[in-house]
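Novice: Here it is, the structure in full.
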Amino acid sequence: MRHYAVSLTALGLLAFGWSAAASAATPVTQVTVDTTKPGAPISRQIFGQFAEHLGTGIYGGIWVGKDSPIPNTRGIRNDVVAALKAIKVPNVRWPGGCFADEYDWRDGIGPRDQRPVRKNNWWGDAPETNQFGTHEFMDFIDQIGSEAYISVNVGSSSPKDMREWVEYMTSPGTDTLANERRKNGRDAPWKVAFWGIGNESWGCGGKMRPEYYADEYRRFQAFFHKSDTNQGLKIASGANAEHYEWTDTLMKVAGGDMDGISLHYYTLPTGDWNSSKGAATGFGTDQWVSTFSRTLKMEEIISKHEAIMDKYDPQKRVGLFVDEWGTWYDVEKGTNPGFLYQKNTLRDAVVAAANFNIFHHHVDRVKMTSIAQTINVLQAMILTDKDKIELTPTYYAFKMYVPFQDATALPLTFTAPQYSAGGNTIPAFNASAALGKDGHVYIGIANMDPVDNIVLSVDVSGLKVTKVGGQVLTADKMDAANLPGVKAAVAPVDYKGGKIKGNQLTLDIPSKSVVVVQLN
Ligand code: AHR
């Protein structure tokens, strides 16, 4: 049910609101973008990815082996590489997740036919063949033109193991580990942009208390040296959702020794980890709204962690790295429950855009994020079916937001209507604006209203708008999806809903859609 509501916003954030009865005509919502007051840069790292050894995320999804009939380059799928290049993936986090804290990097180097097979204890007890290890991952990173975010094992390993992996990968010298890397086929050291010191150390990464992990973090990070040629950023394992005490303790005890601290927050339509999380397809309006109600909580969660970080780091030197986020549904019927395979629909694309808009409002602290996960797992960009691939609606949301990579955030204010169903009320849309590297102003809009369009009357201070274009992603059904091997049904098309009349810019935004508008 649509409410006419007033929600004063700063930088697009919902600050307060009231609601009254709906009016018959579509209300016009005033939006202001101010190009004269540019904000902080939107790091391209905000559009990062996460690829764990989980289900078919790596094996089948990225790695098929060089003898596969599926076209590949040194064992890595060509179709997947081409698709990921097109969304300019800035970073990929690997090898986990929970998997990372049981991973022995030595299992994944050397001749592939001699690598050990292990049991993937976290994910369906699947055999881990180690065919995809450090060299294969870094080849994948090079092929897609991205940067590496290596998650090191803190939970079941030692600083010595970590230090040896660091040296193996990054040493330019003639030391034994660098020479072993050369013997295994890689002469030049790799650049690793980010090192994650443990994953979910409060849970699958060792069930540590914050005080204990803070000391462990300090111990592990001490073995990165100022003399290292590769100076990647060091990221502490951060809080789960609203676990604010974790961030507080970490910042207090170890804030001075880190470049970033992570945050994990997943969107479950029911909010229930223990029974049904909600279906990926075939849901109704109530679950559409509860999904957005929960995903928009990202705003509050980030703000509260930021406030804690501001206490210890007012200069905002330490970044908040939201390195796991996205939708988490019940697995697709008939699939291995440990493989976290779920379908991806229009709803997921709108969820992605709504989160991008939130991240853009916090770019002075949120320096990087990684959606979970790239292929065949949770909110995936790509679903594979043997030799076929499907580019999901989420993939297209990432593609539409490429102009925001390394753009400059612009202040945006608006007055939002609200939408209610099933006991939840959400703002009908959220939005963010930026000045792109190409000199255009971009406005990204997530219309979360499943029924009605919204009409925006946009005042762009400091720019005489002469042309409006862009792209729109929508469909008739809330759970519209794409299929492997056929032309995507849910894909962006040219946006034709913009009108300029004198100084007035009007945008007609269809219900349940993602729109990225480009202004000249
Ligand atoms: O992304 C799936 C899992 O979710 C990750 O392995 C873990 O870090 C998180 O709990």
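The values are calculated or read from the model by the stated rules, or taken from the named source; none is laboratory data. Only a predicted model underlies this, so the values are computations on that prediction, with no experimental measurement involved. All Cβ positions, glycine included, derive from the backbone under ideal geometry; neighbour counts span all protein chains shown. Note: accessible area is taken over every heavy atom of the protein model, side chains too, but ligands, DNA and RNA are not part of it. Shrake-Rupley method; radii C 1.70, N 1.55, O 1.52, S 1.80 Å.
Novice: In the calculated pair distance distribution of segment 300-431, what percentage of Cα-Cα distances lie above 22 Å? Don't skip to the answer; put the middle values down first.
Specialist: Details: 4197 of 8646 pairs.
Roughly 49 percent, once rounded to a whole number.
Novice: Show me the three semi-axes of the equivalent ellipsoid for the chain, from the C-alpha gyration tensor (sqrt of 5 times each eigenvalue), largest first, rounded to whole Å.
Specialist: Calculated on Cα positions only, the semi-axes equal 38, 25, 22 Å.
Novice: While we're on this one: For segment 401-501, state which trypsin sites (Lys or Arg not before Pro) are in a DSSP loop and have at most 16 other beta carbons lying within 10 Å of their beta carbon.
Specialist: Within segment 401-501, the qualifying trypsin sites (Lys or Arg not before Pro) (loop, at most 16 other Cβ atoms within 10 Å) are 437, 464, 467, 477, 487, 496.
Novice: Any idea what log10 I(q)/I(0) is at q = 0.09, 0.16, 0.19 Å⁻¹ for segment 54-193, Debye with uniform C-alpha scatterers and no solvent?
Specialist: Debye intensities relative to I(0), on a log10 scale: -0.26, -0.89, -1.28.
Novice: Is the shape of segment 107-262 rounded, prolate or oblate, going by the alpha carbon gyration tensor and its root eigenvalues a ≥ b ≥ c, with a/c under 1.5 for rounded and a/b larger than b/c for prolate?
Specialist: Oblate, since a/c reaches 1.5 and b/c is not below a/b.
Novice: Using a 1.4 Å probe and ignoring any ligands, DNA or RNA, find the accessible area of residue 389 and quote it in Å² to the nearest 10.
Specialist: 40
Novice: Any chance you could get the radius of gyration and Dmax over the Cα atoms of segment 178-309, in Å?
Specialist: For segment 178-309, the Cα radius of gyration and maximum Cα-Cα distance read 19.1, 59 Å.
Novice: For residue 117 and residue 300, what is the calculated FRET efficiency with R₀ set at 30 Å and r taken between the beta-carbons, to the nearest 0.05?
Specialist: Computed FRET efficiency for residue 117 and residue 300 comes out at 0.10.
Novice: Then there is this: Count the DSSP beta bridges whose two residues both fall in the chain, then state the antiparallel fraction as a percent rounded to the nearest 5. Mind dumping the intermediate values first?
Specialist: Numbers: 63 of 104 bridges.
Here the share of antiparallel DSSP bridges comes out near 60 percent.
Novice: Any idea of the accessible area per residue across the chain, 1.4 Å probe, to the nearest Å²?
Specialist: Result: 38 Å² of accessible area for each residue.
Novice: Moving on to the next point. Quickly rank 363-372, 124-133 as a protection proxy: mean count of other C-beta atoms within 10 Å, highest first.
Specialist: 363-372, 124-133
Novice: Find, among the chymotrypsin sites (Phe, Trp or Tyr not before Pro) in segment 229-324, those assigned to loop by DSSP (not H, G, I, E, B) with at most 14 other beta-carbon atoms within 10 angstrom.
Specialist: 273
Novice: Once you keep just the Cα pairs under 8 angstrom separated by 6 or more residues, what percentage relative contact order results for segment 333-435?
Specialist: Result for segment 333-435 is 26 percent.
Novice: At 0.36 nm per residue, minus the direct Cα-Cα distance, what do residue 487 and residue 212 gain on full extension? Give it in nm, one decimal, please.
Specialist: Extra length available between residue 487 and residue 212 comes to 93.9 nm.
Novice: Can you give me the Kirkwood hydrodynamic radius for segment 375-520, using every pair of distinct Cα atoms, in Å to one decimal?
Specialist: After inverting the pairwise mean of 1/r, the radius is 16.5 Å.
Novice: Using only Cα atoms, what is the ratio of the radius of gyration of segment 221-277 to 2.2 N^0.38 Å?
Specialist: 1.55
Novice: For segment 69-117, which trypsin sites (Lys or Arg not before Pro) pass both filters: DSSP loop (anything but H, G, I, E, B) and at most 14 other C-beta atoms within 10 Å?
Specialist: When the trypsin sites (Lys or Arg not before Pro) of segment 69-117 are filtered for loop state and at most 14 Cβ neighbours within 10 Å, 74 remain.
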